[in-house]
Amino acid sequence: MDYLFPDYYRKFHCAGGGCPLTCCGGWQISIDPASLDRYRKTKGPLGARLQNEIDWREGCFRQYGGKCALLSEEGLCDLYSEGGGRKAFCTACRDFPRHLEEFKGVREVSLSLSCPIAAGLILSEKPVRFLKKSTKKRERFPFPFDRRLYQKLSGRRDRMIRRLQDRSLPVRARIEGLFPALKVPQGITPPSPPEEEMFSALERLTPVCADWRPFLQKAKRVLKGLTCGERESFRAFWPDYKTEQLLIYFLWVYYCNAVYDKEPGEKLAFSLGCTYMIRALAMAEWAGGEANLLAPSRFSREIEHSDQNLLRLQALLSDQKKFGPEIFRAMLHTL
Ligand code: SF4
């Protein structure tokens, strides 16, 4: 078995009580059946607490004031401190923010943008490198798998990443190199940012976190009032390398999944669309005076942690009637 992972993978450490956007609240934390069974059999004061603080019908931890019932005043997990550390966690809490994509003989591991500390590593200045570790482990792969197509896709992904990391060019020129059809011809008035289309797509999705809708509404209001000069000033807060790292993140996580649905074009549209949208939402946060730009993590929680939203946004971004080349050209022009 080969394991592929980004070089920052092992640098991740949870910020615990110091986290600016804790994963222990604001969304439903589903408990896997084996952990539910374990919690049901837990004895003593912790067992009694679990009986009360788990919604047994929904199979998730209860929340009070948007926080997990087991999160202490100090922002620490009582299940961890009273239950003997990580082994007390359910699968979702133990694995977060790690992400896994499975292929025959290959596991691609990454950190999810939905955790702000992981997002800081993903969007750091140093160009990401992907590492490989091989083990003798052999596993039966339960689905039909086109190995040649996977190799072709991963080779193509490597080449795209190499071109995106050529920092001798502005990031927009690098992306235009990958998608020449999206280049705005000289002498043509540049298209305006497709923010209306972005909000209309995002508003169609089912919210995962309680504060997503108000966040979108504020972003919409702020972006509407931004001047060209203010938009230009944002470049100092969002240098090219962030756009580069973001696009590479989405290509890395999603592109090779085309081995299952044979839709590589959809994965490219999704990667570019998400890169544009996150940058635009971060610009709204910045212009709205937020000290921490949490748009990458907020966006990821809504899209990457809901299969329904993920598939819906992938389909919307490859719908030529709603997101045709002129919209992508406008997205690219703002980067
Ligand atoms: S979001 Fe990340 S840093 Fe914050 S509490 Fe969760 S795992 Fe820790």
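Remarks
- Cα-based helix-to-principal-axis angle, 307-317 vs the chain, degrees rounded to 10: 0 degrees
- Of the trypsin sites (Lys or Arg not before Pro) in region 175-231, the ones in a loop by DSSP (not H, G, I, E or B) with at most 14 other beta carbons within 10 Å are ARG204.
- The spacing between region 1-63 and region 212-288, judged by their C-alpha centroids, is 29 Å.
- Structural descriptor for region 1-136: relative contact order 40 percent, calculated from alpha carbon pairs under 8 angstrom and at least 6 residues apart.
- Relative to the dominant Cα principal axis of the chain, helix 44-53 is inclined by about 50°.
- Put simply, when 264-273, 102-111 are sorted by average Cβ atoms within 10 angstrom per residue, most first, you get 264-273, 102-111.
- Gaussian network model of the chain, Cα within-10 Å springs - most flexible of LEU281, LEU164, LEU46: LEU46
- Shape of region 24-95, Cα gyration tensor, a/c cut at 1.5: rounded
- When peptides 246-258, 136-148 are ranked by their average number of other Cβ atoms within 10 Å per residue, the highest-first order is 246-258, 136-148.
- Lysine pairs with alpha-carbon atoms under 23 Å apart, region 95-208, spacing 8 or more or separate chains: 7
Bear in mind that the values in this text are calculations on the coordinates, not laboratory data. Everything numeric in this text was worked out from a predicted model, so none of it was measured. Neighbour counts are summed over all protein chains in view; Cβ atoms, including those assigned to glycine, are modelled from backbone coordinates with ideal geometry.
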